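As structure tokens, the structure follows; a few thoughts come after it.
The values are calculated or read from the model by the stated rules, or taken from the named source; none is laboratory data. Predicted model only: the values in this text are computed from it and were never measured. Cβ atoms come from the backbone with ideal geometry, glycine included; neighbour counts cover every protein chain shown. Quick note on the areas: whole protein, heavy atoms, side chains included, nothing else; ligands and nucleic acids left out. Shrake-Rupley method; radii C 1.70, N 1.55, O 1.52, S 1.80 Å.
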Amino acid sequence: MSQDISYVRISAGETVPLRHSVLWPDQPVSYVLLPEDSSGFHYGVITINSKDVDDSNAEALHAPVAVISLFGEALPPVAATESAGLNPSLASSRSSATPTTARFRKFACDPSYQGRGIGTGLLQHTFAIAKEELQCSVVWCDARMETAGWYERRGMRKFGETFWKGDIEYVRMRIDI
């Protein structure tokens with residue numbers, strides 16, 4: 001069986017079904033919508049198994065199996081201070097020298113496609129877009145603690161204190177690109 005994988009830019013709306021089913025299935029769909037979605041860059045992984053394609057299911061096979069949204073967003077104040085090695089009281093005087101940063105949010109991969117390198121590929125694609133097209137030097141995210149090890153194996157590192165969204169513990173993570 002041959003499988004083609006494409007990393008493509010998609011609309012914010014195309015991210016919603018996977019965001020909802022993977023990240024917050026017990027919440028209403030509105031829970032996964034972001035006010036800044038209209039200003040973000042959204043990417044998906046499209047896979048096609050050549051043996052499965054026929055006219056009756058071609059559209060369904062083009063639905064993304066992994067999605068991620070990227071936004072130009074500064075590091076939280078504690079992170080900007082840590083990255084510069086500054087005392088927090090001096091951080092405000094450094095605004096113009098802060099590196100250009102991007103934040104990814106709502107990264108989700110269909111569980112039936114996990115463990116195949118699809119999410120890793122999409123994350124690396126996102127880092128490349130942030131560096132080459134957005135001229136960013138840092139990318140960061142809020143990661144669920146249960147996935148922090150996965151991000152660390154892909155070069156990201158934790159910063160700041162852990163925090164909670166509902167009953168899920170999170171930590172901020174970043175990578176210099």
| task | Could you tell me which GluC sites (Glu not before Pro) in region 120-177 are loop residues by DSSP with no more than 15 other beta carbons within 10 angstrom of their beta carbon? | result | Glu133
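In what sequence, largest accessible area first, do Tyr31, Tyr151 appear using a 1.4 Å probe? All intermediate terms of the calculation are to be shown ahead of the outcome.
Details: Tyr31 95, Tyr151 20 Å².
Most to least solvent-accessible, the answer reads Tyr31, Tyr151.
How about region 105-177: which trypsin sites (Lys or Arg not before Pro) there lie in a loop by DSSP and see at most 10 other Cβ atoms within 10 Å? It would help to have the intermediate numbers written out before the result.
Working: sites: Arg105, Lys106, Arg116, Lys131, Arg144, Arg153, Arg154, Arg157, Lys158, Lys165, Arg172, Arg174; in loops: Arg116, Arg153, Arg154.
Loop-located and lightly packed - Arg153.
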| Label-point separation (nm) for Ile48 and Ala128, each offset 7 Å from Cα along Cα-to-Cβ? | 2.0
| said: Over the Cα atoms, compute the radius of gyration (one decimal) and Dmax (the largest Cα-Cα distance, rounded to a whole number) for region 110-169, in Å. | reply: 13.2, 37
